[in-house]
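I have placed the structure first, in the form of structure tokens, so that the comments after it can refer back to it.
The values are calculated or read from the model by the stated rules, or taken from the named source; none is laboratory data. In this text the structure is predicted, and so the values were computed from the model without any measurement. Here the Cβ is made from the backbone with ideal geometry for all residues, glycine too, and neighbour counts use every protein chain on show.
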Amino acid sequence: MEKTLLDYFNEIVCENYCNFVDFLRFADEDEIKSVVNQLDDISQRELYKYLDSFIFVNKSEVEMAMSEFIEKFEIRTLWMWEMWDISEYADSYIDDNYEMDEDENLTLK
């Protein structure tokens, strides 16, 4: 991953503002919602691009990759209670891209 979420944020807001401080100071509610939606879309796209660069053999590998992505891309540490969400997102990613056998080993679809 070349850019962080902060890099994308700066690019988006600097299209219409001198810097992110001016954006925070002067943006209206619709502009803020638009930036949030754009960042959500970018995050989702970048996460799947990152995950698709691996071939996973079990769910814990998927969860670790997701955690690593969040820590590097969003530049933040995950809280303990967020790990449940990561587990659910991992299940969704696995359902879309892998088949799981009875021993919970993964193979690409």
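Taking residues in the stretch 27-39 that are closer than 16 Å to TYR8 by Cβ, and partners anywhere that are assigned to a helix (DSSP H, G or I), the pairs with Cβ atoms closer than 7 Å and at least 6 places apart or on different chains are VAL35/ILE12; VAL35/VAL13; GLN38/ILE12; LEU39/LEU5; LEU39/TYR8; LEU39/PHE9.
Number of residues in the stretch 75-94 that are under 13 Å from MET64 (Cβ atoms) and either without any contact (Cβ under 8 Å) to a residue 40 or more places away in the chain or touching a Lys or Arg at 6+ places or on another chain (Cβ under 6 Å) (or both): the value is 6.
Quick one: which residue in ASP95, ASP52, ASP41 is over 21 Å from THR4 (Cα atoms) and either out of contact with any strand residue (DSSP E or B) (no Cβ under 9 Å at 6 or more places or on another chain) or not small (Gly, Ala, Ser) (or both)? Going through ASP95, ASP52, ASP41 in turn, just one is over 21 Å from THR4 (Cα atoms) and either out of contact with any strand residue (DSSP E or B) (no Cβ under 9 Å at 6 or more places or on another chain) or not small (Gly, Ala, Ser) (or both): ASP95.
From the residues in the stretch 63-109 that are aliphatic (A, V, I, L, M) and in a strand (DSSP E or B), which one is farthest from the chain's Cα centre (by Cα)? Before you say what the answer is, go through the steps one by one.
Residues of the stretch 63-109 aliphatic (A, V, I, L, M): 64-66, 70, 75, 78, 80, 83, 86, 90, 94, 100, 106, 108.
Retained after the next criterion (residues that are in a strand (DSSP E or B)): 100, 106, 108.
On the way: MET100: 23, LEU106: 22, LEU108: 21 Å.
Within the stretch 63-109, the match that is farthest from the chain's Cα centre (by Cα) is MET100.
For the stretch 55-86, a residue qualifies if it is farther than 22 Å from MET1 by Cα and polar (S, T, N, Q), and exactly one does: ASN58. Residues in the stretch 55-102 that are over 29 Å from PHE9 (Cα atoms) and exposed (fewer than 14 other Cβ atoms within 10 Å of the Cβ): ILE55, VAL57, SER60, ASP95, GLU99, ASP101, GLU102. The number of residues in the stretch 1-57 being assigned to a helix (DSSP H, G or I), farther than 21 Å from ILE94 by Cβ and of a type in the set (A, V, I, L, M) comes to 11. Set side by side, the residues ASN37, ASN19 differ, and just one is at pLDDT below 95 and polar (S, T, N, Q), which is ASN19. All conditions but one from (1) under 18 Å from the mean Cα position of the chain (by Cα); (2) more than 29 Å from LYS109 (Cβ to Cβ) apply to GLU15; the one that does not is (1).
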